[in-house]
1. For W144, project a label point 7 Å along Cα to C-beta. Then give me every residue of segment 165-205 with its amide nitrogen under 19 Å of that point.
2. With a cut-off of 8 Å between alpha carbons and a minimum separation of six or more residues, what is the relative contact order of segment 379-444 in percent?
3. Using the Cα centre of the chain as the reference point, and only Cβ charges (+1 on K/R, -1 on D/E), how large is the resulting charge dipole? Debye, rounded to the nearest 20.
4. Pick from R35, R432, R168: which residue has the top mean-square fluctuation in a GNM of the chain where Cα pairs under 10 Å get a spring?
5. Stretch E167-S28 to full length: gain in nm at 0.36 nm per residue minus the Cα-Cα span?
6. Suppose a student asked you for the relative contact order of segment 183-335, using Cα pairs under 8 Å spaced at least 6 residues apart; what percent would you report?
7. With a/c under 1.5 counting as rounded, go ahead and sort segment 51-175 into rounded, prolate or oblate using the C-alpha gyration tensor (a ≥ b ≥ c being the square roots of the eigenvalues; past the cut-off, prolate if a/b is larger than b/c, else oblate).
8. Which of the pairs K290/K326; K113/K202; K113/K198; K259/K290; K208/K326 have their Cα atoms more than 24 Å apart in this structure?
Amino acid sequence: MEEQEEREEEREEESEGGGEEKGMKEASVLDLHRRYEGKIEVALKVPVRSHEDFAVWYTPGVAAVARRIAERKDAVFELTNCGNTVAIVTDGTRVLGLGNVGAEAALPVMEGKALLFKYLGGVDAFPLCLATSDADSLVNAVKWLSPSFGGVNLEDIEKPKCYDVLERLQQELSIPVWHDDQQGTALVILAGLLNALKVVGKDIATIKIALIGAGAANVNVANFLHIAGARYENMLVVDSRGILHANRDDVRTGGDRKKWELCMLTNPGCTEGGIKEALRGADVCIALSKPGPGVIKKEWVAGMAEDAIVFACANPVPEIMPWEAKEGGARIVATGRSDFENQLNNALGFPAVFRGALDVRARMITDEMCISAAYAIAEYAEEQGLSEERIISGIDEEEMYVREAVAVGVAAMRGGVARLHISVEELEERVRERIRRGREAVIR
């Protein structure tokens, strides 16, 4: 009994967190950011031994470089850092678990994203926090700034606006544009699920899937799962009002066309109800909804199929705590948190995806490139050894990023969206060198 009570106390601490400890951690974080005045800076990569070098790097020498680019615009990727620079664009309307905090408050988060780009992928990324939440203005701002960048990472933009902004920029720009909250989240979840299914011995083509949350992330999760072999008719999607189906007139007239598409594609039997009903008999639960605990109850997990898989990905607190999901009968549980096993972290995706896309000068990031990234992540983790507690690699495994980036670059060349066609060996050499230099620039 004493051991059980101690265990319950530990769980309460995990779920609620000590107020005093949390305050101390926040103070420490604030002190560190104040000391460094942020996380990124602009640094030179060419030698400057004396003022005479300015004649090469600036005037008059740079005029020859400008003329060459004026003659052939694609030369900008060879003669400037444009080809390794990504814009991290946000309007601050849906930041982390904070919501609409505005452009200024989004800046420290975007700086953190830039840090991950550099350390994990060797990509120079720069935050652009825009003082507008109008879709047309966002699109125009990115288009006007695009000559300075080799790619665009959209981040923390509210839905359904994020769908429109992404699609318009993908159509109107000839550089890779993606939305990490859609494509990045989806490819990492797909990678984790591919390996979880290997552990439990189930086939993606036959599993029943409950998607809890119908936001930008799960909309794209459904798409990527379908491309990988899952069937829409085996999916149930739950939003804040219940399970999606073709009779949901509130969705049909609500203006979210992506959610309405899911109403038409999934749940052909028009099953009604909420999370409990969606989980009944499901093999897989993928939750990307509101932070818990208690959004998903362990009694509902108990109603899932044998050897159930539960991905509870809300941050900072998952929809159900891992131990509760296990008590409910789940065999494999993953979350978005680093302090629990099986962390499904977007940082496993975006640095390598952009690394691979940039190194072949891709015009866009296709679904096929994302799926290739997911399979590369899954295959690398499988080579290291799978278990119920380890279905995916951690962000500290440098070789995984190399393999993933190469897979993305190969997919871009194969799909006809790459400007540069090189051998796999040369691509790997480029990728490996960039990632090595990125880490060396950060480690002091």
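Rule-based calculations on the coordinates, nothing more; no lab input. Predicted model only: the values in this text are computed from it and were never measured. Note that we place each Cβ from the backbone using ideal geometry, even for glycine, and neighbour counts take in every protein chain shown.
1. 165-166, 168-170, 172-174, by backbone N distance to the label point.
2. Values: 25 pairs, mean separation 17.2, N = 66.
The normalised contact order for segment 379-444 reaches 26 percent.
3. So the magnitude is around 1980 debye.
4. Ranking R35, R432, R168 by mean-square fluctuation puts R35 first.
5. Contour length minus Cα-Cα distance gives 46.0 nm.
6. It comes to 21 percent, rounded to a whole number.
7. Prolate, because a/c is 1.5 or more and a/b exceeds b/c.
8. Cα-Cα > 24 Å for K113/K202; K113/K198; rest within.
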